Amino acid sequence: MFFDESQTKRYVRHFSLKEIGFQGQKKLLSSKVLVIGAGGLGSPAIMYLAAAGVGTIGIADFDDVDLSNLQRQIIHQTKNIGLKKTKSAEITAKSINPDVKIILHEYLLNPDNIMDIISEYDFILDCTDRFEVKFLINDACVIAQKPYSHAGVVRFEGQAMTYVPGQGPCLRCLMEEVPHDAVTCREAGVVGAAVGVLGSVQALEAIKYLIGKGQLLSGKIFSFDGLSMNVRVHNIPNSDPACAVCGRTPSIKSLSDNITDYQVQSCMIGGDEK
């Protein structure tokens, strides 16, 4: 791959890194990352992936930009209120790096279409807010053997983990089913800067995976508390042998095996709720 004059200048700071250099940048430019949710988490993730020169970025969301989103969803602007979040995110991503190809998935995420969507991508980012959708993404990625980054934020706190096939637990290893007492950002509130921290972590995990450098959050949970500024990484190196989707005798071998866990009304995939 030949870098033109503009690309040479754009990625010069990457070329200076021994972990990336010319070969690593070529890997990024030839890679495809899917970001599910163009909200609080997806905003910084998409922007940093575009800036880094990830060649193809898929953006999956079905929501429109609302005024209440702008407190934390920094990829959107006031002038784009009413636009689809996917389109608004594309405008910003292309303004950062016009060389990046953006693919928009402007339809509902469900068990019937998610496998086809993720099949075209090298790495998946779960930037959604609802546990029903998070379990759907987790199960689909495990079944399809796709690596992905999970993150969640509420109030000032958040956590992230990365699933790589055969290298550690999946989300269902840690939680067997959708928590009945789970709260959303709409109910409990959220600080935009905290969401930015976790979305940036997800983008970094994707970049490290694509260039094959560094230690991923595989078999680990990254926890962040913005009020106390405590940051911890908990080691959970082993998958649960009894896990319903990645265990020794999985009961979920296809998404149709556990449809009730994914039954959120219309299965919206916004980055966080209005």
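Observations, loosely collected:
- Taking each DSSP H run with n ≥ 4 as -39500 (n - 2.57) and averaging over every residue of the chain yields -9000 deg cm²/dmol at 222 nm.
- The stretch 1-34 versus the stretch 90-140: alpha-carbon centroid distance in Å: 23
- Rolling a 1.4 Å probe across the protein heavy atoms gives the stretch 1-96 an accessible surface of 45 Å² per residue.
- Here the stretch 1-41 is assigned +1 on the Cβ of each Lys and Arg and -1 on the Cβ of each Asp and Glu. Its dipole about the Cα centre then comes out at about 80 debye.
- Amide H contacts of ALA38 (H built 1.01 Å from N, in plane; Pro and chain starts excluded): GLY271 sit under 5 Å, all sequence-distant by 5 or more or on other chains.
- Net charge contributed by nearby residues that have their C-beta within less than 14 Å of ILE207 (K/R +1, D/E -1): +3
- Along its three principal directions, the equivalent ellipsoid of the stretch 124-209 from the Cα gyration tensor extends over semi-axes of 21, 17, 9 Å, largest first.
- Membrane-span-like helices in the chain (whole DSSP H runs, Cα extent of at least 20 Å along the helix axis, mean Kyte-Doolittle hydropathy of at least -0.5): 192-211.
- Using the Karplus relation 6.51 cos²θ - 1.76 cosθ + 1.60 with θ = phi - 60°, the per-residue 3J(HN,Hα) values for the stretch 98-104 come to x, 7, 6, 8, 10, 10, 9 Hz, with x marking Gly and Pro.
- Karplus 3J(HN,Hα) series, Hz, for the stretch 160-173 with 6.51 cos²θ - 1.76 cosθ + 1.60 (x for Gly, Pro): 8, 8, 10, 9, 10, x, x, 10, x, x, 9, 4, 6, 5
- Taken along its principal axes, the alpha carbon cloud of the chain reaches lengths of 53, 42, 40 Å, longest axis first.
- Rolling a 1.4 angstrom probe over the chain with all protein chains present gives an accessible area of which 51% lies on carbon and sulfur atoms.
- Excluding same-chain neighbours fewer than eight residues apart, the aspartates and glutamates reachable from LYS87 by a Cα-Cα span under 15 Å are ASP61, ASP63, ASP64, ASP66, GLU106.
- Packing around the peptides 121-131, 87-97, taken as the average count of other Cβ atoms within 10 Å per residue, puts them in this order, highest first: 121-131, 87-97.
The values are calculated or read from the model by the stated rules, or taken from the named source; none is laboratory data. Remember, it's a predicted structure, so these values are computed and weren't measured experimentally. When we count neighbours, we look across all protein chains shown, and the Cβ atoms used for this are built from the backbone with ideal geometry, even at glycine. All accessible areas refer to the heavy atoms of the entire protein, side chains included, with ligands and DNA or RNA removed. Shrake-Rupley method; radii C 1.70, N 1.55, O 1.52, S 1.80 Å.
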